[in-house]
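The values are calculated or read from the model by the stated rules, or taken from the named source; none is laboratory data. Source: prediction; values computed, not measured. Every residue, glycine as well, gets a Cβ built from its backbone with ideal geometry; the counts of neighbours run over all protein chains shown.
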Amino acid sequence: MSEQHLGDFGDFSLSVVVTSPPWYENCFLVRHNPSATLVVVDPGGDAERIVAAVAAQKATPQAIWLTHGHPDHLGAARAVETAFGLKTLAHVDEMPVIGRASDLNKSFVGEGVAGPAALETFAGEPTFSLGGAPVRVIHTPGHTPGGVCYDFGPFTLAGDTLFRHGVGRTDLPGGSEETLWKSVSRLLGLVPDPCLLFAGHGPDWSAAEARRWWQMMA
């Protein structure tokens with residue numbers, strides 16, 4: 001199966017393509033149903049599967065959004081760009097990480113990876129739009145300097161900032177444990193209890209569950 005439908009949330013429909021080992025990374029497809037537009041978040045690998053999943057949505061792809069620039073989150077970006085004529089958006093503070101993505105991938109699996117070819121950056125915490133619906137960008141540095149989360153309201157795509165019962169590693173270039181802990185605390189202060197948090201790897205959980213766990217950790 002190329003993709004898994006995770007649910008409908010108001011005007012949004014959320015699906016995931018889980019990439020192959022060793023990363024098992026969650027590439028999310030978010031469809032705005034009223035406008036039949038779609039965004040691809042973190043196409044980390046398995047380009048053919050992601051392209052097929054996007055085509056099956058019967059929606060107009062709008063862009064690729066990156067939560068951060070590690071190779072397991074952008075490995076298929078160039079192929080998806082080419083297939084649909086898209087641009088890839090990332091936080092400007094993530095440029096050094098994206099620039100090192102190929103070398104980092106080589107250090108882990110022995111081969112490089114082509115990064116996005118049509119990359120555009122943004123600064124701060126802009127409000128994006130998908131089909132006219134607002135999507136809040138929350139800057140969550142720590143795992144990487146330009147890491148962000150995308151808040152759609154009923155759910156948030158948290159990248160590698162926060163996992164179910166875990167946080168992103170901080171031992172790679174640009175990582176900071178102190179900064180990440182501040183980012184997690186801030187993120188959990190911004191989203192309401194019912195909000196579902198979908199991470200870059202592994203299962204989702206609610207903000208209420210995450211807050212209870214974080215209070216024990218902090």
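Taking into account only those residues within segment 1-55 that are farther than 12 Å from His201 by Cα and acidic (Asp, Glu), which is modelled with the lowest pLDDT? Only one residue tops the list, namely Glu3. Check off (1) closer than 21 Å to Thr161 by Cβ; (2) surrounded by fewer than 14 Cβ atoms within 10 Å (Cβ to Cβ); (3) of a type outside the set (Gly, Ala, Ser) for Asp72 and give me the number that stays unchecked. Failing condition for Asp72: (2). Among residues of segment 152-169 that are touching a residue at least 40 places away in the same chain (Cβ under 8 Å) and within 14 Å of His70 (Cβ to Cβ), those with a Cβ under 8 angstrom from a residue that is among the acidic types (Asp, Glu) and surrounded by 24 or more Cβ atoms within 10 Å (Cβ to Cβ), sequence gap 6+ or separate chain, pair up as Gly159/Asp42. Within segment 116-142, restricting attention to residues that are of a type in the set (A, V, I, L, M) and in a loop (DSSP other than H, G, I, E, B), the residue that is surrounded by the fewest Cβ atoms within 10 Å (Cβ to Cβ) is Ala123. A single entry from Ala133, Ala101 fulfils the requirement of being among the aliphatic types (A, V, I, L, M) and either farther than 25 Å from Ala36 by Cα or touching a helix residue (DSSP H, G or I) at 6+ places or on another chain (Cβ under 8 Å) (or both): Ala101.
Gly112: within 18 Å of the chain's Cα centre (by Cα) and outside any strand (DSSP E or B), yes or no?
Numbers: within 18 Å of the chain's Cα centre (by Cα): no; outside any strand (DSSP E or B): yes.
Against the criterion (within 18 Å of the chain's Cα centre (by Cα) and outside any strand (DSSP E or B)), Gly112 does not qualify.
Test Leu197 against the stated conditions and say whether it is at pLDDT 95 or above, among the aliphatic types (A, V, I, L, M) and part of a helix (DSSP H, G or I). Talk me through it step by step, then tell me what you get.
Details: at pLDDT 95 or above: yes; among the aliphatic types (A, V, I, L, M): yes; part of a helix (DSSP H, G or I): no.
No; evaluated as a whole, the condition is false for this residue.
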